[in-house]
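*Asks:* Attaching a single structure in C-alpha cells format; questions to follow.
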Amino acid sequence: MSEIVHDKPSAGQRAANAGHGSLRDYLTGFFLSVILTAMPFWLVMSGALNGKIATALAITVFAVAQIVVHMVYFLHMNTRSEGGWSIMAMVFTLILVVIVLVGSLWIIYHLNANMMPGMDMSQMP
Amino acid sequence: MTTIATGGNARAEAPVFYRTEEHAHAAGGSTLLGFWIYLMSDCLVFAALFAAYGVLGGSYAAGPQPKDLFELPLVAVNTSMLLLSSITYGFAMLTTYQGRVGATQGWLIVTALFGMAFVGIELHEFAHMIHDGATPQRSAFLSAFFTLVGTHGLHVTVGLIWMVTLMLQVGRRGLIADNVRRLACLSMFWHFLDVIWIGVFTFVYLGGMLR
C-alpha cells in the first residue's frame, strides 16, 4: 500500500487537490463578497432603512450570506471534502456556537434585567 | 496491504477478529482535516468572545460609546484590505497547484502586504482610541471590544509570521509536497480569519453604530 502512495503525488498534495477551487470560484466568491460587504456598510452609513431593528436584521442576513459565500468559494467546503468529516466537524461546531451565543445572551440578559439598580428584590414573589 | 492476523498457514481458515497492523497512512495525509478541527476549536474561542461582547457591549460605565469611537470609513478600508488579501491568497494557492514558484511568492508577498496594512490600520485605530482615553480598563464594553478585536488582530499577526516563514521555506525548497500542504493549511487559516472578521465588522462596528 505504502509503495503505491509514494509513487503518486504526495499525500499533502492529493488531500489539498481534493478540495481546491478554480480561478472562477475565487473570482465569483470575491465579487459576491464585495457586494455583501458594501451593502451593510451602505445601509448603516446612509441610514437607508428606517428603524434600527430592520437595519440590524438586514446586516445580520448579509453577514450570514457572506460567511456562506466564504465557506463555499474560499474554503471550498462541501459535503464530500475529507469524506464528509469536515462538514461534520463544522456542523458540530455550529451547534456549540449557537448554544454559547444564544445561551449567554439569553441568560445574562435576564440576569442583567434583574440586577438593575432600583430593583427591589424583597418585592419578588 | 493490511496484514490480517491468521493463526499460521496450517489454520488459515481460523476466524480472524482484528487486524494486527494499522493500515498505512501516508505522511501528512490527515493534516488538513486535523487543521480544520483546530480551526473549529478556534471558532469556539471566538464564539465565547463574541458572547462576552454581546453581553457587555452596552455597558459603557458612562464612558465613550461606539458612536464616539468608531470611524466606519476606516473600518470599511480595513475590511477591504482583508478581503483583498483573501483573494490574493487564493491566487497564491492556484499558482501553487500549477507549480509556479515565482508567481506563488509574488502573490504571497501581495497577501502579506494587505495583511500588514490591515494590522497597521487596526493598531492605528487602537492607538487613537487609547489616546482619547478609551482604554480597555475604561468600561466593560471597551474590555470586551479590545479582547475580541485584539484576539482577531493577533491571529492575523501570527498568520503573517507564518506566511513569511513559508515564503522562506518555498524560497529554499521550492513547492515540494510538504510546502504545498503547509500553504494549504495557511490558506484555510487565512480565509477563516476573514470569516471571523465578517462577524466582527457586522456585530461590533456596524452593530455598535446601531445601538
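Just so you know, all these numbers are worked out from the coordinates, no wet-lab data involved. Values in this document were obtained by computation on a predicted structure and should not be read as measured data. Cβ: placed from backbone, ideal geometry, glycine included. Neighbour counts: every protein chain shown.
*Asks:* Explain nothing, just compute: Karplus ³J(HN,Hα) = 6.51 cos²θ - 1.76 cosθ + 1.60, θ = phi - 60°, for every residue of the stretch B:124-136 in order, whole Hz, x for Gly and Pro.
*Replies:* Those phi angles translate into 4, 4, 4, 4, 4, 5, 5, 4, 7, x, 8, 8, x Hz.
*Asks:* By count of other Cβ within 10 Å, fewest leading, how are B:THR31, B:THR79, A:THR37, B:THR135 ordered?
*Replies:* B:THR135, B:THR31, A:THR37, B:THR79
*Asks:* If neighbour count is taken as other Cβ atoms inside 10 Å, put B:TRP36, A:TRP42, B:TRP197, B:TRP162 in order from fewest to most. Before the final figure, lay out each step's value.
*Replies:* On the way: B:TRP36 22, A:TRP42 12, B:TRP197 25, B:TRP162 15.
Least crowded to most crowded, the residues run A:TRP42, B:TRP162, B:TRP36, B:TRP197.
*Asks:* Is the C-alpha gyration tensor of the stretch B:62-202 telling us rounded, prolate or oblate? Criteria: a/c under 1.5 is rounded; beyond that, a/b larger than b/c is prolate, otherwise oblate.
*Replies:* Prolate.
*Asks:* Taking Cα atoms, how many degrees apart are the long axis of helix B:72-97 and the longest axis of chain B, rounded to 10 and kept between 0 and 90?
*Replies:* 20
*Asks:* Just tell me the longest site-free run in chain B, where the sites are GluC sites (Glu not before Pro) in a DSSP loop having at most 10 other beta-carbon atoms within 10 Å.
*Replies:* Between the exposed loop sites, the longest stretch runs B:23-211.
*Asks:* Sequence-distant or interchain residues sharing an amide H contact under 5 Å with B:SER59, placed H: which?
*Replies:* B:PHE141
*Asks:* How far is helix B:177-199 tilted, in degrees, relative to the longest principal axis of the Cα atoms in chain B, given as a value from 0 to 90 rounded to the nearest 10?
*Replies:* Helix B:177-199 sits roughly 30 degrees off the main axis of chain B.
*Asks:* For a distance above 22 Å, tell me the whole-number percent of Cα pairs in the stretch A:44-120 that qualify. Before the final figure, lay out the partial values.
*Replies:* Values: 1536 of 2926 pairs.
So the portion of pairs separated by more than 22 Å is 52 percent.
*Asks:* Let me ask something else about it. If one computes the Cα centroid of the stretch A:65-88 and of the stretch B:23-77, what distance in Å separates the two points?
*Replies:* Result: 18 Å between the Cα centres.
*Asks:* OK, next. Through the Karplus equation 6.51 cos²θ - 1.76 cosθ + 1.60, θ set to phi - 60°, convert the phi angles of the stretch B:143-149 into ³J(HN,Hα) values in whole Hz; use x for Gly and Pro.
*Replies:* Values per residue, Gly and Pro as x: 4, 5, 4, 5, 5, 5, 5 Hz.
*Asks:* Rounded to the nearest 500 deg cm²/dmol, what is the calculated helix-only ellipticity per residue at 222 nm for the protein assembly as shown, with -39500 (n - 2.57) per DSSP H run of length n ≥ 4?
*Replies:* Per the formula, -24000 deg cm²/dmol.
*Asks:* If I fit a long axis through the Cα atoms of helix B:31-56 and take the longest principal axis of the Cα atoms of chain B, what angle between them do I get, 0 to 90°, rounded to 10?
*Replies:* The angle comes out at about 30 degrees.
*Asks:* Could I ask something else about it? About the Cα centre, and with charges only on the beta carbon of Lys, Arg (+1) and Asp, Glu (-1), how big is the dipole of the stretch B:68-211? Nearest 20 debye, please.
*Replies:* Magnitude of the dipole: close to 600 debye.
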